[in-house]
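Comments concern the structure below.
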Amino acid sequence: MNDAAGVTAELAAVPAHERVALVDPRFVGHVHTLRLALTDPRFPAAAVRGALSVQPEARTALARAVTAAAATARTSGSGGAAPTAAPARALGPAESLERETAPTGVPATVPGRAGQARPPLGSAPRPGADAGGGDAGAASSADAAAHASGEYAESRSRTRPSGTAAAPGAHSRVDDLAAALDAEGVPVHRPELGVLVAAVPADALSRAKAQDAVDAVDDERVRLRSAVKSRDGFFTTFCISPYSRYIARWCARRGLTPNQVTTASLLTALIAAACAATGTRPGFVSAGVLLIASFVLDCTDGQLARYSLQYSTLGAWLDATFDRAKEYAYYAGLALGAARADGDDVWALALGAMVLQTCRHVVDFAFNEANHDATGNTSPTAALSGRLDSVGWTVWVRRMIVLPIGERWAMIAVLTAFTTPRITFYVLLVGCALAACYTTAGRVLRSLTRRAERTDRAAHALAELADTGPLAELVAKAAPRGPSSYLAPLSAALGAAAVLAGTAAAGFGSWVPVGCAVLYAVLAGVAVAAPLKGPLDWLVPPLFRAAEYGVILILAACSEVNGALPAAFGLIAAVAYHHYDTVYRIRGGTGAPPHLLVRAIGGHEGRTVAVTAAAALLHHRNQGFTIALTALAAALALAVLTESIRFWVSSGAPAVHDETGEPA
């Protein structure tokens, strides 16, 4: 059909909340190519040569593009096959390309193993088999879990040079529509195909060549390989991913979702923590084994999401929070097990491990947010790192030095099984401290030698990561300052040092920490009084985290009040959840939690003042400090979790998944 009426009518017939997909009837390519183009829910529109999918929010723009393209075709008299539209109803995780049917009267085709389109469910024969294509359109809606039967797993594996997908071919109206969406400001995602094929052949010879290229590549093998992150730690890459990808495929073929695997990983880790809490050697051994099993499932859920392209807002929230919940629950289990085994109190060590690990992550997040869109973002240190990347063994050594989650959990599991909780925490603290020094020093050196201009977006992200409350805001408004290269990190460092040193020197029950906390609030306000665009301003959020968490740890450890350390553990866990939630919202482009929530929970400086005041006021009362910490932890957890769950299950939450491969 050369006018827009037919296609527009088909678009109008599709419910507004559903995605639509258009495929040129002459399309030749791998099934996984169509999956990448038609089933990824993270993008408003996605396209490869001859295939396009559009999410509901871009449907209006697509209708305008169809009308404009039809008018252009009438004016120019251009030919070519015209696409028709079909609803992408089966884009959910449990169905397949083959199970999708087209509206009545529209022949739906799905490319087969050799790139030949075959009619599903007894529909009409493949249109466009001739070189000319014809006017009949091919409509296809795709699903991420296609080919659950695994028929492609046994096809032969050969390779071909990359670039077949980009080879010139026949003119395609689908490609014109994708270009029109780009011109209208709708970002069209074009996935990297590598050795996969997507072509619209112009004649029989081109079709035969494209089909030969399809035959030469096992797309199931490519699909499995692409399910694994391109960049990961040594332990994960060589000890987990070689088999976890097959577990992911097994899960996909049985209709399991990434969220279900994520939940299974959490439950396994919680059982591991419970085993560690028994304080027995069989319990410790079981805990180590289950912790590794939990990590295997943790790798599997992401690989399943990439294998079947099942991304969701709920999955983003679970992925963002469960890793930390599992690790910190395991620390608590070890502390309980140590007390049960021989009365050894290692709660301070467990709390220290949690504080150190969280601060390390904040360093990573703040540095990346400050620099990923900076202009002129080069330095000799970065150039040296790039040159080292060409020396294979240095890449793995540097990835292991930072003690990513795979290496860290493997170390914890082995130490749990064969040593004691105290030794486990000692080794963990030393390893994490060395890793933190290595990464932080390298990033400071990069920042000092880098000539980069931070953007307003980066400065705003750092301000949100700072988690400033009403006390520091009052100071910032009362004493505004102009931009300064190093005043912000210097003020934050002085404030953190003052409150930590004062609290450690004065001890529990003194009013000195309260005065130091007030001074810290003032200096925190000075630090954020101007946009955080200096070369080292990314240090401000981690310095604030170290000050707040460190004060709680010191007061609880010095109090010698029964239950104070476990209560402090719960309080820091609640605050850390809030900070991780902030990070993943910023990564998703939706900004930090509502400022009303940040003010209501006091900000980092307000909570620091509150905890030091509670220690001074309640030091003479039995269990008073413990009760105060517990109440504060419960109130914070209730407020933060309520808002977090509301956001991540809402329609405005992003389907954020970490595809960078950066070890956590």
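The values are calculated or read from the model by the stated rules, or taken from the named source; none is laboratory data. Given the structure is predicted, the values throughout are model-derived calculations rather than measurements. Counting neighbours? That spans all protein chains shown, and the Cβs are built from the backbone with ideal geometry, glycine included. Calculation scope for accessible area: heavy atoms of the full protein, side chains included, ligands and nucleic acids excluded. Shrake-Rupley method; radii C 1.70, N 1.55, O 1.52, S 1.80 Å.
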inquiry  = In whole percent, and with a 1.4 Å probe on the protein chains, what portion of the accessible area of segment 259-335 is carbon and sulfur?
reply    = 76
task = Would you list, by chain and number, the lysines whose Cα falls below 26 Å from the Cα of residue 533, excluding same-chain residues fewer than 8 positions away?
result = 477
ask   = Quick one: accessible area per residue over segment 156-306, 1.4 Å probe, rounded to a whole number of Å²?
value = 44
remark   = Spelling it out for residue 198: with amide H atoms placed in the peptide plane at 1.01 Å from N, the residues 5 or more places away or on another chain with amide H under 5 Å from its amide H are 165
key: Modelled FRET efficiency - R0 35 Å, residue 622 with residue 372, Cβ distances, 0.05 increments   = 0.10
query = In nm, what is the difference between 0.36 nm times the number of residues separating residue 610 and residue 215 and their Cα-Cα distance?
reply = 135.4 nm
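Report the local net charge at residue 471: Lys and Arg +1, Asp and Glu -1, summed over other residues whose C-beta lies under 14 Å from its C-beta. Could you put the intermediate results ahead of the total?
Details: positive: 477, 599, 607; negative: 467, 473, 548, 605.
Cβ neighbours under 14 Å give a net charge of -1.
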key: Approximate spin-label separation residue 562-residue 478, in nm, with each point projected 7 Å along Cα-to-Cβ   = 4.3
ask   = Taking 0.36 nm per intervening residue step and subtracting the Cα-Cα distance, what contour gain separates residue 433 from residue 71 on full extension?
value = 123.8 nm
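What does the charge add up to near residue 267, with Lys and Arg as +1, Asp and Glu as -1, over the other residues with Cβ less than 13 Å from its Cβ?
Numbers: positive: 326; negative: 298, 301.
Here the charged neighbours net out to -1.
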remark   = Computed over segment 467-573, the Cα gyration tensor eigenvalues, each multiplied by 5 and square-rooted, give semi-axes in Å (largest first) of 28, 13, 11
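Just the accessible area per residue of segment 492-649, please: how many Å² with a 1.4 Å probe? Could you put the intermediate results ahead of the total?
Values: 5510 Å² over 158 residues.
Per residue, segment 492-649 has 35 Å² of solvent-accessible surface.
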ask   = Using the C-alpha atoms of segment 198-298, what convex hull volume per residue, in cubic angstrom, is computed?
value = 130
ask   = Points 7 angstrom from Cα along the Cβ direction at residue 645 and residue 595: gap in nanometres?
value = 2.8
request  = Determine the gain in length on full extension of the stretch residue 179-residue 260; use 0.36 nm per residue of separation and subtract their C-alpha separation, reporting nm with one decimal.
outcome  = 25.4 nm
ask   = Taking residue 229 as the anchor, which lysines have their alpha carbon closer than 23 Å to its alpha carbon, excluding any fewer than eight residues away along the same chain?
value = 326
message = Using alpha carbons only, how many angstrom separate the centre of segment 218-286 from the centre of segment 557-579?
response = 30
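Can you tell me the order of 207-220, 468-481, 530-543 when each peptide is scored by its average per-residue count of other Cβ atoms within 10 angstrom, highest first?
On the way: 207-220: 19.7, 468-481: 17.2, 530-543: 24.3.
Most protected by this proxy first, the peptides run 530-543, 207-220, 468-481.
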note = Given a Förster distance of 45 Å, the FRET efficiency implied by the Cβ-Cβ spacing of residue 342 and residue 243, rounded to the nearest 0.05, works out to 0.75
message = How large a share of the accessible area of segment 454-607, in percent, is made up of carbon and sulfur atoms when the probe is 1.4 Å and the other protein chains stay in place?
response = 69
